[in-house]
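Undergrad: Dropping a structure here in structure tokens format, bear with me for questions.
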Amino acid sequence: MALLRSQPATGRVLLRGDAPVIAAPRPLCVRNISACAYLEEKAPPSGPSAKPSQPIFHNQLEALKSMSVVVADTGELELVKKYHPHDCTTNPSLVYKALSMPENRHYLEKALAQDKRSPEHAKPGVVRPYSGVADQLSVDLGCELLKVVPGRVSTEVDAHLSYSMQATVDKALRLMELYAAHGIDPSRIYIKLASTWEGIEACRRLERQGINCNMTLLFSFAQAAACADAGATLISPFVGRIMDWYKAKEGRDFAPSEDPGVLSVRRIYNYYKAHHYKTIVMAASFRNVGEIRELAGCDKITISPNLLDELEKSTATLDRKLSPDRASTDVMKLSNMHEDMFNKLHGSDQMAVEKLKQGIELFAADQKKLEDLLASIAMAKVKENH
């Protein structure tokens, strides 16, 4: 297998045998701030006896880790254990997928048993009687993940609340209370919010209280600018879902370098770095490794297990495409963004409007599936006892 070497000054990864290059000091990477499970890169040798040398990588995954924090995009316990991540994530879809597996049914039964209130399904006017139990389940799963990872878990607020700032804040505080009841330090939790205007305002309030937020379902530049202005710890701009929309609209495929999702993340990254925002950019939702390669150097990159495997098997040259010291933007800093400005800018992007709405509906649907599953188990228990 060919071995790879990186040249940090330019970001180019060279095959063994190329002319040696003295490695420039690598920029400090902000750690311990992530929404999903990620695999930490190995630290280079240090100390008085360390000789300046160019790191050697065996594959593109290793090379990518020298430029970006590589994130494993999975919330299943067994996969998290397999990849030995530092942090991990959950969302309504991942929670439903994980907990609907037969081997995890005991988590549902435990959450129902912990619900000490009288059976809410019997109360008139209660539309979603098991939403609170679903919150408990998300926290229970998060606690199990925290036993595996040394870092943080990201837990998402109920997508049904995405258009209510106060309800989102209240739910976020409730989730933090549930974690506190398990003895979990708040510094180990990220609260994940949809990037609606209401979600962004909730983020602003939560961050002021010391609750770190990950802003998800992010498709437009307006969303990114507003999230940074609100002080979000991390954003997750989606690449593949943007490309999906344009592919359907234009009826054609896109080369990675012209991929609309790639271009969107690149624009956001450059804007953040040029204006010195601290918000971390974690590119998400990839459809192919070409998109990943075009964003090498992004703060963080979350990658599905199948694409991680593909990168690990590749020994091709990898170039660094994003770097803080090369970032530039022609967009002025959008400070003090207000709702009317946000609605005008975000509303002018048809793709973003449609994908945000679709993403919220999908997460809400999976949340309902989980609540329906809880209801069916609860009813079965009632029948057993009678």
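Undergrad: With the checklist (1) on the phi > 0 side of the Ramachandran plot; (2) free of Cβ contacts under 8 Å to residues at least 40 places away in the same chain in hand, flag the one item Gly297 doesn't pass.
TA: All conditions are met except number (2).
Undergrad: Related question: Could you please find all residues in region 226-263 being over 20 Å from Val69 (Cβ atoms), out of contact with any Phe, Trp or Tyr (no Cβ under 7 Å at 6 or more places or on another chain) and surrounded by 24 or more Cβ atoms within 10 Å (Cβ to Cβ)?
TA: Hit for region 226-263 is Asp259, nothing else.
Undergrad: Out of the residues in region 178-198 that are in contact (Cβ under 8 Å) with a residue 40 or more places away in the chain and farther than 17 Å from Val153 by Cα, state the one that is surrounded by the fewest Cβ atoms within 10 Å (Cβ to Cβ). Break it down stepwise before answering.
TA: To start, the set of residues in region 178-198 that are in contact (Cβ under 8 Å) with a residue 40 or more places away in the chain comprises 178-179, 182, 184, 188-190, 192, 194-197.
From the residues that got through so far, the ones that are farther than 17 Å from Val153 by Cα too are 195-197.
Details: Ser195: 30, Thr196: 24, Trp197: 19.
Within region 178-198, the match that is surrounded by the fewest Cβ atoms within 10 Å (Cβ to Cβ) is Trp197.
Undergrad: Which one of these does Asp366 not meet: (1) in contact with a strand residue (DSSP E or B) (Cβ under 8 Å, 6 or more places away or on another chain); (2) modelled with pLDDT under 95?
TA: Against the list (1) in contact with a strand residue (DSSP E or B) (Cβ under 8 Å, 6 or more places away or on another chain); (2) modelled with pLDDT under 95, Asp366 comes up short only on (1).
Undergrad: Still on this model: Which fully enclosed helices (runs of 4 or more DSSP H) of region 262-370 have 2 or more residues being under 25 Å from Glu198 (Cα atoms)?
TA: So the answer is 339-347.
Undergrad: Return yes when Lys97 is among the basic types (Lys, Arg) and either modelled with pLDDT under 70 or more than 23 Å from Phe238 (Cβ to Cβ) (or both) and no when it is not.
TA: Spelling it out, it is not the case that Lys97 is among the basic types (Lys, Arg) and either modelled with pLDDT under 70 or more than 23 Å from Phe238 (Cβ to Cβ) (or both).
Undergrad: So, one more: Residues of region 138-182 being among the aliphatic types (A, V, I, L, M), part of a helix (DSSP H, G or I) and over 22 Å from Ala72 (Cβ atoms), which ones?
TA: Correct list: Ala159, Leu161, Met165, Ala167, Val169, Ala172, Leu173, Leu175, Met176, Leu178, Ala180, Ala181.
Undergrad: Now for a separate question. Quick check: is even one residue across region 144-165 among the basic types (Lys, Arg) and modelled with pLDDT under 90?
TA: Scanning region 144-165, I find at least one residue that is among the basic types (Lys, Arg) and modelled with pLDDT under 90, so the answer is yes.
Undergrad: Looking only at region 322-354, how many residues end up being more than 19 Å from Val281 (Cα to Cα), among the charged types (D, E, K, R) and surrounded by 12 or more Cβ atoms within 10 Å (Cβ to Cβ)?
TA: The total comes to 3.
Undergrad: Still on this structure: Here is a list of conditions, (1) of a type in the set (D, E, K, R); (2) touching a residue at least 40 places away in the same chain (Cβ under 8 Å); (3) closer than 23 Å to Leu79 by Cβ, and Arg320 meets all of them except one; can you say which number that is?
TA: Only one criterion is unmet by Arg320, namely (3).
Undergrad: Let me confirm something: among Leu234, Leu175, Leu217, which residue is farther than 16 Å from Leu356 by Cβ and touching a residue at least 60 places away in the same chain (Cβ under 8 Å)?
TA: Answer to the selection: Leu234.
The values are calculated or read from the model by the stated rules, or taken from the named source; none is laboratory data. In this text, all values refer to a predicted model and were calculated from it rather than measured experimentally. Because the Cβ atoms are built from the backbone with ideal geometry, glycine has one as well, and the counts that use them run over all protein chains shown.
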